[in-house]
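Chemist: This is the structure I want to talk about, given as structure tokens.
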Amino acid sequence: MPMSVAAKWFPASQRLGVRLATLMVVALLPLGIVAYLQTSNLTREAKGRSDEALMGATLRAALGEIRVISRAEGLVAGAAVTLPDLIKDNTACVNRLRKLASDMPELTLLSFVPENGRMTCSSSGESFDYSDVALFKTLITAREPTFTMTGEGPVSRTSVIGVLRPIFDAQGVYLGYLGAWVPHSRLRILEDKSGEADQNGVNFWSFNRDGEVLTASMGFDKVDETIPATRDLASFVGEKPRLFTSFSGAGERRTYATLPVVRNELYVMSSWINPPNANRSFLGVRPMVFPILMWVAGLVVSIWAAEMLVVRHVRSLNRSIASFAHGMRRHPDLVLKDAPLELREMAQAYAAMTDDIIRNEASLEDEVHQKEVLLREVHHRVKNNLQLIASIMNMQMRQARTPEAKGLLKSLQERVMSLATIHRGLYQTTGQSDVYANELLSDITRQTVALASAPGRQVKVDTDFDDILLTPDQAVPLSLLMTEALTNALKYARGVGGAVPTLSISMKRVDDGQVVLRIVNSIADHDATRDGEAMNTSTGLGAQLQMAFAQQIGGTLSQGQDGDSYRLEVIFRVSDLMKAENRAAAGTDPS
């Protein structure tokens, strides 16, 4: 089965533990997401309520100041309507302002300042020249309602807040401005609240559209340390009520709330230091962490349960199976403690199976050993019998009278010795059903050359055999073919120029699993043609046997003269041992 991409790049993904962990992650992920979303919604809802409560607290804490300033702003707006008709009558103007100021005891002064800067109409009845006062020069050119603060009023000689409105006549001509001045010392409500605010770490201050601070519960000397360092106060003008977090001028992380008292004109802002556990819940942990912890805890418990109940037992069983598959033949020692019933039953079945396999293998080994002993004995006795026959032939050959009889007996003896050599090889290869061709052919060459040698006749023999395993179906006909070919080659071998005859025997692997057996013998120059023709046209028993043996091993035989040498080649394919055994079991003749 082809390996998947995940298995190729992430081999660990094939493990049971990893797959179970992945399944648990996917199974618990929706629950974790739902818990996270619910907690997120609850956190946002709680934060919204907290913000509303903080905004309400800010409004309540600054309510006294807001009321005073709002009353002053309303008083000035109402007086600005009727005052143009009274300006020419200074007494009536003073009486009017004095009466209005009496309705608001928080005011220290209610005055009209004309465009020339000389105040003659005021609630106190006093006159004052503002023309040289810097504040007057700024206010007289504004010509729109505004709020201001001065650390020391020219008349009251104290820190005051001014609520100012321009005065125009019926034709729209600018006459001056009407101002209601409230001293900071008279903002009783603000002072009471500021003490409570300081105890809770909350500070309040008001500012106008230019970002100028009008009042401050923490004192004007600490304003720069408390207000936001990232934005100018004037940038909040025109915004809706809001709550935000920023760093103060002192570098503290604080929460700020801003509220409009008079939209686009007057604003109040509060501030408190963020505690270390802000936005946190139990044990100082953020609420959003709990659903994540619940999901992780569920995942860990699920993986742990899978490990304890399944994975570790499967791993133990897998190790035992792997060791048994790699040849470790011993009774598996499986201790599946606290394993589920199904796994224990599987382990018991595996143990019973391994017991049966071990017993069956031991029985098969005994049977194979017995068969090997019997087979070796058969080959040994056949070899001895063939050698006995060869010895009898040798005795008979000595008693033969004619050369033809001796030659016939000698050729038969060589064939018998070849068969004996094969059986000796099978006898010596204990536990194997095939024969090494290099050893077999070397023995046949040595015996054949020894039998064919005569006093005064020497042959130079060169051999080159590859390590090739042959089945008995091919080893027997190949050895007989080798014997016939060597006998024929030794018979016609002649030395070139009186030299010692040469004989070259080789068996090599070639392409596609084929093997070539090559026998080359030298031929003398003066009789090369005659001997070559004799070897080519021989129609004796040896030539017929060579052709028959070549067909029996499934090969093709070719021979011919090549200069001063004669060559014989047999090309065949080595049979598979399993096919040979199946053929033998079916009783098929390999020939």
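Chemist: Suppose we filter segment 450-476 for residues that are modelled with pLDDT under 85 and surrounded by fewer than 16 Cβ atoms within 10 Å (Cβ to Cβ); how many remain?
Modeler: The qualifying residues number 7.
Chemist: Among the candidates D466, D462, single out the residue that is charged (D, E, K, R) and farther than 21 Å from T556 by Cα.
Modeler: Exactly one residue qualifies, and that residue is D462.
Chemist: Continuing with this model, one more query. Taking S320 as the residue in question, decide whether it is modelled with pLDDT of 80 or more and touching a Pro at 6+ places or on another chain (Cβ under 8 Å).
Modeler: yes
Chemist: Looking at (1) touching a Phe, Trp or Tyr at 6+ places or on another chain (Cβ under 9 Å); (2) modelled with pLDDT of 85 or more, can you tell me which one V261 breaks?
Modeler: With (1) touching a Phe, Trp or Tyr at 6+ places or on another chain (Cβ under 9 Å); (2) modelled with pLDDT of 85 or more applied to V261, the lone miss is (2).
Chemist: If I filter segment 62-85 for residues that are among the basic types (K, R) and surrounded by fewer than 13 Cβ atoms within 10 Å (Cβ to Cβ), do I get at least one hit?
Modeler: Checked segment 62-85: no residue is among the basic types (K, R) and surrounded by fewer than 13 Cβ atoms within 10 Å (Cβ to Cβ).
Chemist: Oh, and also: Kindly provide the set of residues from segment 88-146 that are surrounded by fewer than 20 Cβ atoms within 10 Å (Cβ to Cβ), part of a helix (DSSP H, G or I), at pLDDT below 85 and in contact with a Ser or Thr (Cβ under 9 Å, 6 or more places away or on another chain), ordered by number.
Modeler: If the condition is that a residue be surrounded by fewer than 20 Cβ atoms within 10 Å (Cβ to Cβ), part of a helix (DSSP H, G or I), at pLDDT below 85 and in contact with a Ser or Thr (Cβ under 9 Å, 6 or more places away or on another chain), then L135, K137, T138 are the ones that fit.
Chemist: If A305 satisfies all but one of (1) free of Cβ contacts under 8 Å to residues at least 60 places away in the same chain; (2) assigned by TED's automatic domain parsing to the domain that holds R44; (3) surrounded by 14 or more Cβ atoms within 10 Å (Cβ to Cβ), what's the number of the condition it fails?
Modeler: (3)
Chemist: Show the residue pairs that are 6+ apart or on different chains and have beta-carbon atoms under 8 Å apart, the first residue being within segment 253-273 and more than 16 Å from K240 (Cα to Cα), the second being among the polar types (S, T, N, Q) and modelled with pLDDT under 80.
Modeler: R253/N274; R254/N274; T255/N274; W272/N200
Chemist: Answer yes or no: is there a residue in segment 247-259 that is under 28 Å from L139 (Cα atoms) and not hydroxyl-bearing (S, T, Y). Break it down into steps so the answer makes sense when it comes.
Modeler: Let us first name the residues in segment 247-259 that are under 28 Å from L139 (Cα atoms), namely 258-259.
Subset that is not hydroxyl-bearing (S, T, Y): 259.
Yes, segment 247-259 contains a residue that is under 28 Å from L139 (Cα atoms) and not hydroxyl-bearing (S, T, Y).
For (1) modelled with pLDDT under 85; (2) in contact with a Cys (Cβ under 9 Å, 6 or more places away or on another chain); (3) closer than 19 Å to Q447 by Cβ, each residue gets a yes or a no:
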{"position": "I357", "(1), (2), (3)": "no, no, no"}
{"position": "E361", "(1), (2), (3)": "no, no, no"}
{"position": "K371", "(1), (2), (3)": "yes, no, no"}
{"position": "R381", "(1), (2), (3)": "no, no, no"}
{"position": "N384", "(1), (2), (3)": "no, no, yes"}
{"position": "I389", "(1), (2), (3)": "no, no, yes"}
{"position": "M393", "(1), (2), (3)": "no, no, yes"}
{"position": "M397", "(1), (2), (3)": "no, no, yes"}
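Chemist: Do we find a residue being touching a Pro at 6+ places or on another chain (Cβ under 6 Å), modelled with pLDDT under 85 and of a type outside the set (D, E) anywhere in segment 216-224?
Modeler: no
Chemist: I need a count of the residues in segment 483-500 that are over 23 Å from R415 (Cα atoms) and buried (at least 19 other Cβ atoms within 10 Å of the Cβ).
Modeler: Selection size over segment 483-500: 1.
The values are calculated or read from the model by the stated rules, or taken from the named source; none is laboratory data. Quick caveat, the model's predicted, so the values are computed rather than measured. Here Cβ is always computed from backbone atoms with ideal geometry, including for glycine, and neighbour counts include all displayed protein chains.
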